[in-house]
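A.B. asks: Encoded as structure tokens, here's the structure I'll be asking about.
All of the numbers you see were taken from the coordinates with simple rules; none came from a lab. Worth saying up front: this structure is predicted, and the values here are computed from it rather than measured. Heads up, the Cβs are rebuilt from the backbone with ideal geometry, glycines too, and the neighbour counts pull from every protein chain shown.
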Amino acid sequence: MELISGEIAVDITNYYATSEQIPTACALGVLVDSENGQVLLAGGLLIQVLPGAYPEDLEKLEENVAKLEPVTTMLAKGMSVEDMCRVALDGFEMEVLDEMPVHYACNCSWEKYYNALSTLEPEEIETLPTTDGKAEAVCPYCNRKYYFTTEDLKALAEKVRETRASFEQ
Ligand SMILES: [Zn+2]
């Protein structure tokens, strides 16, 4: 799927329209503190219609969404997700079916990165650049750092060699 804008909400909308053939309205917003880079507010809406929706309902929905204030503005006003949905679904009946808290979690681990290294050649594993006898891996999603001692790397290179030898027999 080609990204058409780099603006996540626009690309998501385009993805649903072209790949899934589902008319979708998506609005996302994030407000970042320019001083320390911390996320102050973040949120979004994703509205999809069920098959068989009337064209006039689609039109009404599009009108509503076009009139929506930026998500960060609504969040800053203290509007809840439900409040925002009510604005987006103005003129429609709305029923809350479920609610759940969301939080950011990364499922990375030392073992995960250690195992990922085993895709390298044994010689590459042994010669990874180290500082104070440790190689560093930084998770690109959560910025957590993992360290591998030269012993860890040697052991892994050995394991890779053994695995390969057993395959060649
Ligand atoms: Zn992570």
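A.B. asks: I want to check the label-to-label distance for Glu59 and Asp132. Put each point 7 Å from Cα in the C-beta direction and report it in nm to one decimal.
C.D. replies: In this crude spin-label approximation the distance works out to 6.8 nm.
A.B. asks: Counting only Cα, what are the radius of gyration and maximum Cα-Cα distance Dmax of the chain, in Å?
C.D. replies: Rg and Dmax of the chain, Cα atoms, are 24.3, 71 Å.
A.B. asks: Rule-of-thumb check for the range 110-168: C-alpha Rg over 2.2 N^0.38 Å?
C.D. replies: That works out to 1.15 for the range 110-168.
A.B. asks: Here's another thing I want to ask about it. Relative contact order of the chain, please, whole-number percent, based on alpha carbon pairs below 8 angstrom and at least 6 residues apart.
C.D. replies: 12
A.B. asks: For the chain, with the dipole built from +1 on Lys and Arg beta-carbon atoms and -1 on Asp and Glu ones, taken about the Cα centre, which of Ala135, Thr13, Leu41 lies farthest toward the positive end?
C.D. replies: Ala135
A.B. asks: Would you please give the FRET efficiency between Trp110 and Gln48, computed as 1/(1 + (r/R0)^6) with r the Cβ-Cβ distance and R0 = 45 Å, to the nearest 0.05?
C.D. replies: 0.70
A.B. asks: Count of lysine pairs in the chain with Cα atoms under 27 Å apart, counting only pairs 8 or more residues apart in sequence or on different chains?
C.D. replies: 11
A.B. asks: A further question on this structure: At q = 0.12, 0.18, 0.22, 0.26 Å⁻¹, what log₁₀ I(q)/I(0) does the range 8-88 have when each alpha carbon counts as one equal point scatterer in the Debye sum?
C.D. replies: Here log10 of I(q) over I(0) equals -0.40, -0.80, -1.06, -1.27.
A.B. asks: Relative contact order for the range 8-88: what percent, with Cα pairs under 8 Å and sequence separation of 6 or more?
C.D. replies: Value for the range 8-88: 26 percent.
A.B. asks: Something else now. In whole Hz, what ³J(HN,Hα) sequence does the range 25-39 give by Karplus (6.51, -1.76, 1.60; θ = phi - 60°), x for Gly and Pro?
C.D. replies: Each residue of the range 25-39 in turn: 10, 10, 10, 10, x, 9, 10, 10, 5, 5, 6, 10, x, 6, 7 Hz.
A.B. asks: Still on this structure, please answer the following. Give me the number: length gained by fully extending Glu82 to Thr24, i.e. 0.36 nm times residue separation minus the C-alpha to C-alpha distance, one decimal in nm.
C.D. replies: Contour length minus Cα-Cα distance gives 19.1 nm.
A.B. asks: First measure r as the distance between the Cβ atoms of Asp152 and His103, then evaluate 1/(1 + (r/R0)^6) with R0 = 45 Å and state the FRET efficiency to the nearest 0.05.
C.D. replies: My answer for the efficiency is 0.90.
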